[in-house]
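Report on the following structure.
All of the numbers you see were taken from the coordinates with simple rules; none came from a lab. Everything numeric here is computed off the predicted structure, so don't read it as measured data. Cβ atoms come from the backbone with ideal geometry, glycine included; neighbour counts cover every protein chain shown.
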Amino acid sequence: MRHPALDDAARGVDKLRMASDRIHSANPVEALQHVDCEPEAVRARTRAVFEAAELVGQAADIVARAVAAARQGWRGEAADAFGRAGEGAVSHLRATHDRTDATGRAGQAIADRLDALARDAGAASTSSARGADPACDVVLGGGPSHPHFVEAAERVNLAVNDVITVCERAVTEVGQLGAVLDGLA
């Protein structure tokens, strides 16, 4: 877990974790730990991609100026061949710039989605845990002798299952976004 929202959620589901331990249910904190996304790492790589795009764009401009300067006053077959080759190089550089810039924008969109995904998973998990707080209190405070222990244990287990479901969905989407990101490289 490297996202602050997931760290906060792990703290937010701690009472649910303790209650789930008491009834031998799954651990909601472990479920949150499986949602591993680092939007800031993606943003850092995206910045590097944008910097590369900028350099390629500058190179295209430099080559275009050099070709234009060389062709001034130069006529003939060699000048025409040089001009075509230079224009081809400029065209290739501009296309490379555009593809690199598009990759950076796609990386930004993925980082934004990872950030939203972590925040949403954290908020939903915390909400499920808070909804089960009264049941957690019964499980933690009363034990099996409490008259509502069975119902409380069921509610705790449902909340844990809700957290797990949220985390499974998030893990699936993180994987899908990772595959898209890999395809951009």
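Derived from the Cα gyration tensor, the three semi-axes of the equivalent ellipsoid of region 104-185 are 39, 11, 6 Å, largest first. Two tests apply to each whole DSSP H helix in the chain, Cα reach of 24 Å or more along its axis and mean Kyte-Doolittle hydropathy of at least 0.0, and the ones passing both are 39-71, 149-184.
In terms of packing, defined here as the mean over residues of other Cβ atoms within 10 angstrom, the peptides 7-16, 93-102 line up highest first as 7-16, 93-102. Placing a label point 7 Å from the Cα of Arg47 along the Cα-to-Cβ line, no residue of region 164-185 has its backbone N under 18 Å from it. Taking N as the residue count of region 32-127, its C-alpha radius of gyration divided by 2.2 N^0.38 Å amounts to 1.75.
One way to sum up the overall shape of the chain is the equivalent ellipsoid from its Cα gyration tensor, whose semi-axes run 61, 11, 8 Å, largest first. Placing a label point 7 Å from the Cα of Asp133 along the Cα-to-Cβ line, the residues of region 16-60 whose backbone N sits under 17 Å from it are 16-20.
Across the chain, C-alpha contacts under 8 Å between residues 6 or more apart give a mean separation that, scaled by the residue count, equals a relative contact order of 36 percent.
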